[in-house]
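Right, one structure below, let's go through it.
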Amino acid sequence: MKPSKADSITQAAIIAALYVVLTFIANAFGLASHAIQVRFSEALTILPFFTPAAIPGLTIGCLLSNILTGCALLDIIFGSLATLIGAVFTYRLRRSKWLAPVPPIVANTLIIPFVLLYAYGVPTLGASFVTVAIGEIISCGILGMLLLFTLDKYRMKIFGY
């Protein structure tokens, strides 16, 4: 059974709220401010595998997180864009569980190093590609896949299909 519009809006809002809370938790532990950033919220980027409602949920959650944590304007815009791109392509590749974390890893790895360079003046663009990729592999590839396999067991109860 396909979820109603109200169900989809509710799912998107819950995902956005979870993204913000998990971002604040990672920040509180200092995991999002080093060369290799591990954001727990990035594990949620596998959710479009289960529901299209995750696309606006993740995008809005990232946008709010970046605003509320005081990110630079370029980070707010392009970080949210990277999340949107990753979410859309995760949804489009939803036929394979193993591909779910690939789009957010690729989108963030290709976009965020330029944000670090132009918004924050991080001078080592080449190193930023490596460190962002490592952080995304940990957040999306490892934590995200653990989340995916856990949620898959309860797919019908959580997402209704």
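Bear in mind that the values in this text are calculations on the coordinates, not laboratory data. Just so we're clear, the structure is a prediction, and the values are computed from it rather than from any experiment. Cβ coordinates were reconstructed from backbone atoms using ideal geometry, including for glycine residues, and neighbour counts include every protein chain displayed.
Numbers at a glance
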read-out: Under the span-like rule (Cα at least 30 Å along the axis, Kyte-Doolittle mean at least 1.0), DSSP H helices of the chain; value: 5-28
read-out: Anchor residue 153: aspartates and glutamates whose Cα lies under 13 Å away (excluding residues fewer than 8 positions away in-chain); value: none
read-out: Relative contact order of the chain, defined on C-alpha pairs under 8 angstrom at six or more residues apart (%); value: 27
read-out: Charged-residue dipole, Cβ positions (Lys, Arg, Asp, Glu), the chain about Cα centre, Debye nearest 20; value: 620
read-out: Span from the the range 19-60 Cα centroid across to the the range 95-137 one, whole angstrom; value: 14
read-out: Gyration tensor verdict on the range 37-94 (Cα atoms; rounded if a/c is under 1.5, prolate if a/b is larger than b/c, oblate otherwise); value: prolate
read-out: Answer label for semi-axes √(5λ) of the Cα gyration tensor in Å (calculated), chosen among [x] 23, 21, 15; [y] 41, 20, 13; [z] 26, 16, 13; value: [z]
read-out: Dipole of the range 15-161, positive direction: furthest Cα of 126, 67, 19, with charges on the beta-carbon; value: 19
read-out: Options 117, 40, 102, ranked by Cα towards positive dipole end of the chain, top entry (Cβ charges); value: 102
read-out: Helical mean residue ellipticity (222 nm; -39500 (n - 2.57) per DSSP H run of 4+; nearest 500) of the chain; value: -21000 deg cm²/dmol
read-out: Net charge contributed by nearby residues that have their C-beta within less than 14 Å of residue 132 (K/R +1, D/E -1); value: -2
read-out: Percentage relative contact order, the range 1-78, counting C-alpha pairs under 8 Å, at least six apart; value: 37
read-out: Cleavage-rule hits, trypsin sites (Lys or Arg not before Pro), the range 75-113, DSSP coil, Cβ neighbours within 10 Å at most 14; value: 95
